[in-house]
Structure formats: structure tokens, C-alpha cells
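All remarks here apply to the structure that follows.
The values are calculated or read from the model by the stated rules, or taken from the named source; none is laboratory data. From a predicted model like this one, the values you see are computed outputs, not experimental measurements. Please note: Cβ atoms are built from the backbone with ideal geometry, for glycine as well, and neighbour counts cover all protein chains shown. Ligands, DNA and RNA are stripped out before the accessible areas are found, and what is left, the full protein with its side chains, is counted by its heavy atoms. Shrake-Rupley method; radii C 1.70, N 1.55, O 1.52, S 1.80 Å.
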Amino acid sequence: MFKHRDYTLRYQGNSSVELILPNHKIVNDEPLIDQSSFSVLVWNIFKQKRVDCIKILEQYASQSKLMLLQEAQTTPQLLNFISANNKVADHVPAYCFNDIFAGVMTITDSAPTKILSFREKEPFIRVPKSALITVYPIKNSTKQLLVANIHAINFSIGVKIYRQQMYMLLNYINQHDGPVILAGDFNAWSRQRLNLLYHLTRSINLKPVNFAIDIRKTFLGRPLDFIFYRGLKLDAAKIISTAASDHNPLLVNFKMNSN
């Protein structure tokens, strides 16, 4: 149905879908973030294969200003959740199967002022991974919050394609004058990938969120899910233990810098 490589799908309200193409003009003065604290949930939702995944989203819907999902599928259950909670969901489909789109999805209370979508094909299986940048107004501030949601390339020899995907996001992040959150499933399962991830994020002054009790999903002994940030104060961070996905959700509370 949709052929353009850089389109995004938006779901809101009555679960109607809007096709957003590059350079789509978005007019939105409603701030998503005020000057107090706000929470972010980051979760690879495992294509909603397990029964209780929507219950977890329902449990944290009211307290999470941002929900960054990976492997989100546009099933009736997820679309009903978005509609029932009056959320706005921007989705970058990596692929479509049986009229169900799958990819990263960022769910919030209001629409962004800017949106950029990215897709990168896995070198061997040729199924794309997707990423999404959204930008939101901050109350009583001339600056805006940039949020980058990524599901990183998994199957590759070396890190060339992995680096290429990261560069696409980080170039935009580096140009942004305002607070930043970069989060998702980075598939950083090798020492080479992990070192590159830390090097690239440090190069644009992003800090990693560390967890006192670290029960993140791991592969080959290394965590896959991360949250990086700058221009914000980290207030609290925890990982939610659940069997509703093969990944545990990350829940982080940030405060706005006073300046």
C-alpha cells in the first residue's frame, strides 16, 4: 500500500491512521513536557506475542509521558490501547505481514512538531529495522525535546551497517539544540558493537542511564536495551520484571534542567 521509504504512520483518537511523508508540515504548539519531571518507558514488546503485554502498557500509560516501543505491531489490541488512552502513536513500519505493520512506535500525549523516519535492511535476511526521531515542545521554553527511538540492525558481519544506521540518527541528534533522549533495542551483543555504541554516544555528549538492579535482556552476556540522554537530569531509573515480552521494560524519570 505504502511505497515511500521514509513514510510514518500516525494513530490517534478513533484509531484512524494518517500517512506522514517527509517534509510534512506539522503545526503543534501544545507542549508535551512541562518544567517538572516526566517518565519514559522503553520496551521491545516482542510483536505482542505474549498475553499480558497490553496490560503492562495500561499499567504505565498514565505515568509515562513517552512510551518507546520496538517490535510494535499494529494489532487491534494495540490500536485500541492507543485510542482508549487518547494517545498519539507515531509508527515506522519495518515490514508488513497480513496487513499488520511492525516496527518502532513512539506513543505520547500530543503530536510532535517534527518527525523523521529511518529504515535500514538487515544484510542477510533483508528485513529492515526502523528508527524514529520526534521533536516536542517544552512548556515555557524556546527549546524542544528530541526523542530518538531505535531498533538496531542485528545480523551482520562486522559493524559497518550497524555504524551506518547509528550515524543516520546521531547526525540529527548532534545538530539539535535542546534536551535529547535516545533509547531502544540497540542489539549491542558483541564487544565491538558495544564499544562503538558507547564511543558514538559519548562523541555527542550523551550519557547512559545505569540501573542499580540490572535485569535487562542480554545476549552473549551483554545488554541489548539502553537509554541515553543529555540536557536533562536523571531522577530515577528501574527495570520492570515481566514475562509479557522477552525483554523487560525500562522505566526512567527525568527532570528538566533549570536553565
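Based on DSSP H segments of at least four residues, each scored -39500 (n - 2.57), the chain has a per-residue ellipticity at 222 nm of -5500 deg cm²/dmol.
For region 1-113, relative contact order (Cα pairs under 8 Å, six or more residues apart, normalised by length) works out to 32 percent. The largest accessible area among Phe228, Phe46 belongs to the first residue in Phe46, Phe228, and the rest follow in falling order (1.4 Å probe, all chains). On the basis of the beta-carbon distance and an R0 of 25 Å, Leu196 and Lys233 show a calculated FRET efficiency of 0.40.
Taking all protein chains as they are arranged and a probe of 1.4 Å, the heavy atoms of Arg216 leave approximately 30 Å² accessible to solvent. Once each part is reduced to its C-alpha centroid, what is the distance from region 81-154 to region 213-259 in angstrom? Comparing the Cα centres of region 81-154 and region 213-259, I get a distance of 18 Å. Spin-label pair Lys49-Asn86: with each label point 7 Å from Cα along the Cα-Cβ axis, the two points sit 3.6 nm from one another. When the chymotrypsin sites (Phe, Trp or Tyr not before Pro) in region 62-145 are filtered for DSSP coil states and for at most 11 other beta-carbon atoms within 10 Å of their beta-carbon, the remaining sites are Phe124.
Beta-bridge orientation, region 141-259: approximately 75 percent antiparallel, per DSSP, counting only bridges with both partners inside. For the residue pairs Lys47/Lys87; Lys47/Lys129; Lys49/Lys114; Lys55/Lys121; Lys47/Lys207; Lys55/Lys87, the alpha carbons lie more than 22 Å apart in Lys49/Lys114; Lys55/Lys121; Lys47/Lys207.
The mean accessible area for residues of the chain, using a 1.4 Å probe and ignoring ligands and nucleic acids, is 47 Å² per residue.
Matching the structure-derived Kirkwood radius over Cα pairs in Å against the labelled list [x] 18.3; [y] 20.1; [z] 19.1 gives the label [x].
Accessible surface of region 133-259, 1.4 Å probe: 48 percent of it comes from carbon and sulfur atoms. Checking the a/c ratio against 1.5 first, then a/b against b/c, what shape does the Cα gyration tensor give for region 72-203? Oblate, since a/c reaches 1.5 and b/c is not below a/b.
Computed over neighbours whose Cβ is under 11 Å from that of Pro249, the net charge equals +2, Lys and Arg +1, Asp and Glu -1. Here r is the Cβ-Cβ distance between Thr242 and Thr142 and R0 is 41 Å; the resulting FRET efficiency, rounded to 0.05, is 0.55.
Between Asn171 and Ser37, the simple label model (points 7 Å from Cα in the Cβ direction) yields a spacing of 3.8 nm. For the set Cys96, Cys53, solvent exposure ranked by accessible area (probe 1.4 Å, protein chains only) runs largest to smallest as Cys96, Cys53. Across the chain, C-alpha contacts under 8 Å between residues 6 or more apart give a mean separation that, scaled by the residue count, equals a relative contact order of 20 percent.
Which shape class applies to region 165-259: rounded if a/c is under 1.5, otherwise prolate when a/b exceeds b/c and oblate if not, where a ≥ b ≥ c are the square roots of the Cα gyration tensor eigenvalues? The shape class here is oblate. Applying 1/(1 + (r/R0)^6) with R0 = 41 Å to the Cβ-Cβ distance of Lys160 and Gln77 gives a FRET efficiency near 0.60. Heavy-atom accessible area for Tyr172, with the other protein chains in place and a 1.4 Å probe, reaches approximately 90 Å².
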